[in-house]
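The values are calculated or read from the model by the stated rules, or taken from the named source; none is laboratory data. What you see is a predicted model; the values in this text were computed from it and never measured. So basically every Cβ, Gly included, is an ideal-geometry build from the backbone, and we count neighbours across all protein chains shown.
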Amino acid sequence: MPKQTTIRLPIELTQSVDELAERLGFSRSDIIKTAILRYLLTDRLNDFNETTVGSGNFVRTVIYLNDNLKGYLKQLSSATNTSINALIIYATLKTCDHYSKLLTELGL
């Protein structure tokens, strides 16, 4: 059963996610979950660069993750000695970059 998880995304990233979600017809949560699946389950984090969120310059977002996905994120967080939030920010940044470039190339 999916469990509620609250994450904090930088304001600029939240705006990019919302813009991308609107262009693709997805929700913010859909974009973030796609990011987790694409960049955290299949990538080796070769270019991982931790982004931290200071007080006041973030937007809280609630996503629902099943036990398997949440468990994997906990393991990855422990293995990389970083927060789940930082991992999600990394994946979401990469997803926004990828799809923004793709949509631009396609003229959409």
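Quick notes on this one:
- Residue tally, condition outside any strand (DSSP E or B), touching a strand residue (DSSP E or B) at 6+ places or on another chain (Cβ under 8 Å) and of a type in the set (Lys, Arg), over the range 57-76: 1
- Close pairs (9 angstrom Cβ cut-off, 6 or more residues apart or separate chains): closer than 24 Å to Glu22 by Cβ in the range 32-56, surrounded by 13 or more Cβ atoms within 10 Å (Cβ to Cβ) and modelled with pLDDT under 90 anywhere: Tyr39/Leu45
- A single entry from Gly71, Gly56 fulfils the requirement of being more than 12 Å from the chain's Cα centre (by Cα), over 14 Å from Leu93 (Cα atoms), at pLDDT below 90 and among the small types (Gly, Ala, Ser): Gly56.
- Qualifying residue in the range 91-105 (condition: closer than 20 Å to Lys3 by Cβ, part of a helix (DSSP H, G or I) and under 10 Å from the mean Cα position of the chain (by Cα)): yes
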